[in-house]
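Undergrad: First the structure, then my questions, so here it is.
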Amino acid sequence: MQSRADQTHPLFGGALSAVLPHSAKDTSELREIPDNQEVFVHEHTDQSLIVELVEYQSQVENEDAARYHFEDIAGSNKALEPDAFEVTSVVPLSKSELSLSDCSSAWMLTGTQCVSKFNEEARNSVTLHLGLFRLPQFSTDVLITFNDPQRISPDSSSAASAETHRQPWTVQDFQHLLQTLTLHNPGLFG
């Protein structure tokens, strides 16, 4: 197993923090990112992590909220047609193992989506791991998404990085990020 430098990384100006996997590069250094997101890419693969603050969805509860957000992401990825997305598991995260104890519940969803990058025609099969932290007291759901490409189309702009899977991130890396997410300043939520 690779060694992990358990160094916390500030998120949203230090209002949150978490331990990021090795080789995580902040994409805000490369392009503009919405204010409600922190986006990181693996330096040597096509994997990415997105930490996102979204409106609390009171009309859906528990694991249905994770499915709701997964389907919302599928819509953003233009992956809503039949067979373009599938949920394979949704499991609760034990609050006793989480640093973010303020959440009412936490969930991890795993699924697949068939997506294209940058509005390309080529479609890639991506395993999507979604961590959901429900914070109704702040009218916020915190989503953490780990995009892990499984099959890259040869016509995709991602095809070049598909050959360079040096030390890719693992589900264990993602779970460690979820477990170490910490809230330092509730003022982040307004």
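The values are calculated or read from the model by the stated rules, or taken from the named source; none is laboratory data. What you see is a predicted model; the values in this text were computed from it and never measured. Note: ideal-geometry Cβ built from the backbone for every residue, glycine included; neighbour counts use all protein chains shown. Note: accessible area is taken over every heavy atom of the protein model, side chains too, but ligands, DNA and RNA are not part of it. Shrake-Rupley method; radii C 1.70, N 1.55, O 1.52, S 1.80 Å.
Undergrad: I'd like the full set of residues that are outside any loop (DSSP other than H, G, I, E, B) and either closer than 17 Å to residue 100 by Cα or touching a residue at least 12 places away in the same chain (Cβ under 8 Å) (or both), limited to segment 14-38.
TA: Initially, segment 14-38 is screened for residues outside any loop (DSSP other than H, G, I, E, B), giving 14, 16-19, 24-29, 37-38.
Residues satisfying the conditions are 14, 16, 17, 18, 19, 24, 25, 26, 27, 37, 38.
Undergrad: So is residue 82 at pLDDT below 95 and open to solvent by 40 Å² or more (accessible area, probe 1.4 Å) or not?
TA: Answer is yes for this residue.
Undergrad: Which is open to solvent by less than 30 Å² (accessible area, probe 1.4 Å), out of contact with any Phe, Trp or Tyr (no Cβ under 7 Å at 6 or more places or on another chain) and closer than 23 Å to residue 183 by Cα, of 105, 94, 101, 58? Talk me through it step by step, then tell me what you get.
TA: Numbers: 94 fails: open to solvent by less than 30 Å² (accessible area, probe 1.4 Å); 101 fails: open to solvent by less than 30 Å² (accessible area, probe 1.4 Å); 58 fails: open to solvent by less than 30 Å² (accessible area, probe 1.4 Å).
One residue alone meets the criteria, 105.
Undergrad: Mind telling me which of the residues 137, 167, 172 ends up being modelled with pLDDT of 75 or more, surrounded by fewer than 19 Cβ atoms within 10 Å (Cβ to Cβ), under 17 Å from the mean Cα position of the chain (by Cα) and not in a strand (DSSP E or B)? Outline the logic, then answer.
TA: Working: 137 fails: under 17 Å from the mean Cα position of the chain (by Cα); 167 fails: under 17 Å from the mean Cα position of the chain (by Cα).
Matching residue, one of 137, 167, 172: 172.
Undergrad: If you don't mind, there's one more thing I want to ask. Can you name every residue in segment 23-40 that is at pLDDT 90 or above and open to solvent by 40 Å² or more (accessible area, probe 1.4 Å)?
TA: At the first step, the residues of segment 23-40 found to be at pLDDT 90 or above are 24-27, 32-40.
Result: 25, 32, 34, 35, 36, 37.
Undergrad: Which residue pairs have Cβ atoms closer than 7 Å, lie 6 or more positions apart in sequence or on different chains, and pair a first residue in segment 47-73 that is part of a helix (DSSP H, G or I) with a second residue that is open to solvent by 30 Å² or more (accessible area, probe 1.4 Å) and among the β-branched types (Val, Ile, Thr)?
TA: 67/87; 70/87
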